[in-house]
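First up is the structure itself, then whatever we jot down about it.
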Amino acid sequence: MKGEVSFSRGYPSLTFGALIGAASVLLAGCATHHQSVVDAAGPQAGRIEGLFWFFTYLLAAIFLIVIVMLLGTLLRGHRGIEQEPLEGVHAPSTATERKLHRNVLAATIVTVLILIGLLVSSVSTGKALSSMGARKDGMAVEVIGNQWWWYARYRSDIADRTLTTANEIHIPVGRPVMIRGTSNDVIHSFWVPNLNGKIDFIPSRVNTQWIVADRPGRFRGQCAEFCGIQHAHMALWVIAEPPDQFEAWMNAQLKPATTPADPDLLHGQQVFLNHACVFCHTIAGTTAQGSAGPDLTHIGSRSTIAAGTLPNTKGNLGGWIVDPQNIKPGNHMATVDLSPNDLQSLLDYLESLK
Amino acid sequence: MSTMLEPTTRTTDVDRERSSLERVWANESGLRGWLSVTTHQAVGMRYIVTAFIFLLAGGVEALLMRLQLAVPDNTLLSADKYNQIFTTHGTTMMFLFAVPVMEGMGVYLVPLMLGTRNVAFPRLNAFGYWMYLIGGLFLYWGLFTNTGPDVGWFAYPPLSGPQFGIGKRVDVWAQMVTFTEISALCVATELIATILKMRAPNMTLNRIPLFCWGMLVQSFMVIFAMPSVMIASTVMLLTDRTIGTHFTNPAEGGDPLLYQHVFWFFGHPEVYIIFIPALGMISSIVDTNTRRTIFGYPAMVLSVVATAFIGFGLWVHHMFATGLPQIGEAYFTAASMMIAITSGIQIFCWLATMWTGRIRWTAAMHFVAGFFFIFVAGGLTGVMLAAIPLDLQVHDTFFVVAHFHYVLIGGALFPLFGGFHHWFPKFTGRMIDERLGKVTFWLLFIGFNLTFFPMHLLGLKGMTRRIYTYPSEMGWGPGNALATAGALIILIGGILFIMNALKSRKYGVEAGANPWDSGTLEWAADSPPRNYNFVLPPACNSRYPLWTPLKERIGVTGLRTDRREVLVSSVMDAEPNHRYPLPHSSIWPFVTAILSAVGLIGSIFSFQWYYVACVLATIGLLGWFWPRRKAEAEA
C-alpha cells in the first residue's frame, strides 16, 4: 500500500533497535489510510506531506549527528586529553579551549543557517497553501460544528439549489471547495488530513479553508479540538466523486421527502412526526423543521450515523434511537419511548429516505 | 572581609559558634513546631516530596489513560471519567509536579550554593508551600467527589464557561491554579532576592553556579507569566462563571480567543519555567562528573536569558489553527525556531565539556545522556511544529503528545532524576545505590521511548488527542498497545526509584560533605546540611570555590550567631553590605494559608467569600507581622 511504503521510507533514522520493532509492529497494524497525514489526496495535503518528509529527513540526520557526537564523548575516555592537567586546575589548556570555542561557534552558525532554510521552506509552503485552490470554478460549503456532529450546507445563488446535510460532505474531484466554518456552541476543529491541515471552528467567527481532492475516495475527518464529553465521537466523511456522480448526488439530495405510499412507511413517518424527533430534526417536505440535530431528509443515503460513530444499518439505527446514551454517553439526543412496532416502521421510513 | 563586618569576636571559637547556631536555628518540636518550620532545607524538601507524590498521582492517571486506550472500543473508563482523568493528569503534572518540584530544588539548593543560611523571606517561603499543598489537595478533593475538572488543563471557553462547564468542576480547576500561582510567586520573589542580595562575598554575577542562574531567570519568568494565567483563569473564567461577566462570551462582546492568548502567554513560558532549572541541574551534574569547569559559561548564561525572552514571544504557536493573519504567523514560526538556537548552544557547550572532560559514569550521568537523546529528539519535532503547515496537520494529535512528552520528560524529568541521584547524598547524608539508579535509568529510558515513540506515528495516522476511545478500523490499536506496554515499564522504573530512595536513605553508605568532589558551595555544608548550613559561611574566589586549594579558601566571620543573621551583599559583585536578621520560625504562615484558603475555596460557591478571604487573610497577616519584644526577638 502506498501509505506503508511512505512510512518505511520516512524513518531511515530508526537505527535504534527497540524503535524499529515498535515501528514495524505499528505498520503491520496499519490497515487504513483514510485519516492519514502521509497519504495525501489533494494538492494542499500533498504540499504539506512534501514539507513533512523534507523536515523529517533533515532533522533525523541532525539527530543522528548529535547522538554520534554524544556517543563519541561518552566512549572516547581519556584519549587525546592525557596531557591536560584536569585534576589540578579542572580545565584543559587554553589551546584546547580555543579549539572547542571554534567548534561550538561553527556548530551554532550551522544551526542558524539550517533554521533559516527551514523557516524559508515553511513560510513559502504556507504562502503557496493560502493561494492554492482559490479558483473561479470553486464552490463553497458551510460547515458548522455542534456538540457532537457537523452541519453542512451547500449554498447556491439559485434558491432551490441550496441543500443541507450532516456529517458527510460530498465534493467533486478536481474542483476546489472552500470550507467556511463556524460553531454553534464550543470550539471545534475541522480536520480531514488526507486533504488539508486543520482549522478551528470558533463561535461568532468564520474561518475558511480550501480543499481539493485529486482522486476519488472516502476521507475521514475528526474534530481535533477538545469539545466536551463526546469529543471522541465527532467524525465526518468527505467523499470525493467524479463530477457527474457528484451532480447526481446533489440532485438527489435536493429533492424533499415525499409522503410514502407504503402503509408501513407512512406509519413510520407518522411516528416520526408525532414524537419528540421533530423538535430537533428536519425532514424537508414534512412538518419536521427542527434544527438542533442533523437534517434527516436523506438519512438513508448516508453511510454512518451519530457523526461517524456507527455504520448506518437498520440494527445500528434502531439501537441508536432506543438508547442513544448507551452508544454516545452524554450526547444531546433525547431518548424516545417507542413500541416495537412503531420503532420498526420508523426505521423502515428513515432507511427509505435515500 | 572580617574588617568590614565589625566582628563581635575575632578569635573564632568554632565550637561555641556551632552550639549557638544549633540553638538559634533549631526548629520547635511537636506538631506546632512542625507546622512552624521556615528553614529552607525543610521547606524545600517538603516541596520535593509533595511534588513527587503528585507525580505518582499524575502517573497513575496516565496509566489509567494508557489502559483505557490500549485496545480499541475499550470500556474500562467512561467518557466522563476519562475526561476528568486526562484533565487532572495535565493539571497535576504542570501545576502540582513540574513547577513545584523545580521550586523545591531551588529552595533547597540555592541558599547552599550561594553560601548563605536561608532564603530571603523564610516565612513567605513556608506560606508558599502551604498554599501549594492546599491547592493540590483541593484539586484531588474535587476529583474524588466527582468534581474533577473535565475541560482539559487549558480550559478553553466556551467549553469551560458558564454555559457548557457543568457544576463546580471548572471552578475547582481555576481556583487550584490560583493557589499554585500564589505559591510560585512566593518562591520566585524570595529566590530573586536571595540570589541577587545574599550571595557569598565575592560571588560576582559571573561566578554564580549555572543552576542559580537558571533559578533566577526562571523566577523572573514566573513573575511575568503567572499574572497572565491569573487574568485568564481567575479573572476571566472565574468571574464569567461566578458573577456573570462576559470576558469570553461572544454573544455579549467577549471573545473566547482572548482567553487563549492570555492563557498561552503564560502557558508557553510555563514550559521554560519547568525546563530552565533542569538545564541548571545538567550543568551541575556535568561539571562534577567530567571533572572540569563547564565550557562556555557566558554563552550558557546568555542562552538561558535569551530563552526566557524568546519564550514570551511564541505563545501563538499553540493557536496556529485558530485562523490568524499570515504575517503574524510567520513571525511566530521564526520565534519558535529561534528557541532551537539557544538550546543548541547549550547542548554544544555541554558536549564540548564532556568531550574534554574525564567522565565519571554515575547514575546521574546516565540521566544526562538520556536527556540528550530524548530532548534533542523532542526539540527537533518541536522545529517541525513551528512550521505552520506541519503544525496544522499534527496539532492536537498524538504527534504533539509525543513531542511535548519528549521535551518535558526528556528536558525536565530526566535531568530532575539525575539531579535527585546527584544531590541525594546532600539531602540525606547517604549515598544512593548507584547500581539500582542505573537500572532505574534503563527502565525509564526504554519504557519512555516505547510509550511515546509510537505516538508520533499514531498522530501521523490521524489519532487526535483527548479521545477516550477509538474504533478498531482506524488501525491505531497496535501502536496504542505498545505505548501501554511502555507505560508499564515506566511504572516498574518508578517503583524501583522509590524503593531505591527509601532504602538508600536508611542503609546507604555515609556520604560525607562532598562525595563527588564537586566544586560548588553546597558541597561545603554537612550532608544533610544543618539548619544554618555553614558554621562559617564561605566566601567565594572562583566559579568553583571548592576546587581551589584549601589554603586559599576564606570564611565569613563576624555574623552574630545568637540570632538568625545573614549577610547581605551587593547585586553585581557581591561585596558585603550589611548584616540582616531573618525572622524566627512561626506558625502564622500556616495559619494565614489556611485562612486564605477558606476564603478562596468559598469564593467559588459565592462571590461574597472574597470579602471573607480579605478579612481572614488580614487576621493571618496581623499575627505574621506582630512585632516581638526585643529580648524575645533576639532569643
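Since every read-out is calculated from the coordinates, none of them should be taken as a lab result. Since the model is a prediction, treat every value here as computed from it, not as a measurement. For neighbour counting, all protein chains shown are included, and Cβ atoms are generated from backbone atoms with ideal geometry for every residue, glycine included.
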What are the ³J(HN,Hα) couplings of the range A:258-269, residue after residue, when phi is run through the Karplus curve with 6.51, -1.76, 1.60 and θ = phi - 60°? Round to Hz, x for glycine and proline. 10, 6, x, 8, 4, x, 5, 5, 4, 4, x, 4
Run the paramagnetic zone check for B:Leu205: 7 angstrom along Cα to Cβ, then residues of the range B:80-114 with backbone nitrogen under 19 Å. B:114
Assuming a viscosity of 0.692 mPa s and a temperature of 37 °C, what translational diffusion coefficient in µm² per second does Stokes-Einstein assign to chain B, Rh being the Kirkwood radius over Cα pairs? 129
Report, by chain and number, residues whose modeled amide H sits under 5 Å from the one on A:Ile169, excluding near sequence neighbours (fewer than 5 apart, same chain). A:Trp237, A:Val238, A:Ile239
Where is the GNM fluctuation largest for chain A (alpha-carbon springs, 10 angstrom cutoff): A:Ile321, A:Ile67, A:Ile48? A:Ile67
Rounded to the nearest 0.05, what FRET efficiency do B:Ala251 and B:Trp626 give with R0 = 51 Å and r taken as the Cβ-Cβ distance? Could you check? 0.50
If r is the Cβ-Cβ distance from B:Asp573 to B:Ser29 and R0 is 51 Å, what FRET efficiency results, to the nearest 0.05? 0.75
Rank by packing, highest mean first: peptides B:537-543, B:151-157, A:258-264, A:39-45, with packing defined as the count of other Cβ atoms within 10 Å averaged across residues. A:39-45, B:151-157, B:537-543, A:258-264
Distance between the C-alpha centers of the range B:582-618 and the range A:112-177? Whole Å please. 53
Testing the spin-label approximation: label points 7 Å from Cα along Cα→Cβ at B:Asp526 and B:Glu510. State their distance in nm. 1.2
Note: the range B:517-635, point scatterers on Cα, Debye, no solvent; log10 I/I(0) at q = 0.15, 0.16, 0.23 Å⁻¹ equals -0.85, -0.89, -1.26
Restricting to Cα pairs under 8 Å and 6 or more apart, the percent relative contact order of chain B works out to 21
Quote the FRET efficiency, to the nearest 0.05, computed for B:Leu137 versus A:Asn341 with a Förster distance R0 of 45 Å and r equal to the Cβ-Cβ distance. 0.20
One would report the antiparallel percent of DSSP beta bridges in chain A, rounded to the nearest 5, as 70
Sort A:291-303, B:344-356 by packing, meaning the average of other beta carbons within 10 Å per residue, with the highest value first. B:344-356, A:291-303
7 Å from Cα along Cα→Cβ at both A:Leu75 and A:Ala261: what's the point-to-point distance in nm? 8.3
Partner shielding of A:114-122, as the mean number of partner chain Cβ atoms within 10 Å, equals 5
Subtract the Cα-Cα distance of B:Thr75 and B:Asn541 from 0.36 nm times their separation in residues, and report this length gain in nm to one decimal. 161.4 nm
What span do the alpha-carbon atoms of the range A:175-262 cover on each of the three principal axes, reported in whole Å from largest to smallest? 43, 36, 24
Can you give the helix-only mean residue ellipticity at 222 nm for the protein assembly as shown, where every DSSP H stretch with n ≥ 4 adds -39500 (n - 2.57) and the sum goes over all residues, rounded to the nearest 500 deg cm²/dmol? -18000 deg cm²/dmol
Spatial separation of Cα centroids for the range B:452-478 and the range B:500-521, in angstrom: 44
Under 15 Å by backbone N from the virtual spin label 7 Å along Cα-to-Cβ at A:Leu58, the residues of the range B:372-415 are B:380-391
Please compute, over every Cα-Cα pair in the protein assembly as shown, the percentage with a separation greater than 37 angstrom. 52
Subtracting the Cα-Cα distance from 0.36 nm times the residue separation, let me have the gained length for B:Arg16 to B:Lys503 in nm, one decimal. 171.8 nm
I need two numbers for the range B:277-395: Rg to one decimal and Dmax as a whole number, Cα atoms only, in Å. 16.7, 52
Backbone HN-Hα couplings from phi across the range A:41-54 [Karplus 6.51/-1.76/1.60, Hz, Gly and Pro as x]: 10, x, x, 5, 4, x, 4, 5, 4, x, 4, 4, 5, 4
Tell me, what HN-Hα J-couplings in whole Hz come from the Karplus equation 6.51 cos²θ - 1.76 cosθ + 1.60 at θ = phi - 60° for each residue of the range B:104-110, using x for Gly and Pro? x, 4, x, 4, 6, 8, 4
Across A:Phe52, A:Phe201, A:Phe219, the residue with the highest GNM fluctuation in chain A (Cα network, 10 Å cutoff) is A:Phe52
Global geometry of the range A:284-354, whether rounded, prolate or oblate, following the gyration tensor of its Cα atoms and the 1.5 cut on a/c: rounded
Per residue of A:90-97, how many C-beta atoms from partner chains lie within 10 Å of its own C-beta, taken as a mean? 5
So, over other residues within a Cβ distance under 15 Å of B:Met215, counting Lys, Arg +1 and Asp, Glu -1, the net charge is -1
Please compute the length gained on full extension between B:Tyr611 and B:Trp361, using 0.36 nm multiplied by the number of residues separating them and subtracting their Cα-Cα distance. 84.3 nm
Would you mind counting up the charge near B:Ile166? Only other residues with Cβ under 13 Å from its Cβ, with Lys and Arg at +1 and Asp and Glu at -1. 0
For B:Asn577, which sequence-distant residues (separation of 5 or more, or a different chain) have an amide H within less than 5 Å of its own amide H, given hydrogens modelled in the peptide plane? B:Val568, B:Ser569, B:Ser570
Show the residues, 5+ positions off or on another chain, whose built amide H is closer than 5 Å to the amide H of A:Asn194. A:Ser36
Among B:357-369, B:324-336, B:168-180, B:53-65, what's the highest-first ranking by average C-beta atoms within 10 angstrom per residue? B:168-180, B:357-369, B:53-65, B:324-336
Cβ-based exposure ranking for B:Phe309, B:Phe453, in which fewest neighbours within 10 Å come first: B:Phe309, B:Phe453
So for the pair A:Arg135, B:Leu550, with labels modelled 7 Å out along Cα→Cβ, what separation do we get in nm? 8.4
Determine, at each q value in 0.11 (inverse angstroms), the log₁₀ of I(q)/I(0) that the Debye formula gives when each Cα of the range A:200-336 is one equal point scatterer. -0.51
Which whole number gives the average count of other chain Cβ atoms within 10 Å of the Cβ atoms across peptide B:330-339? 3
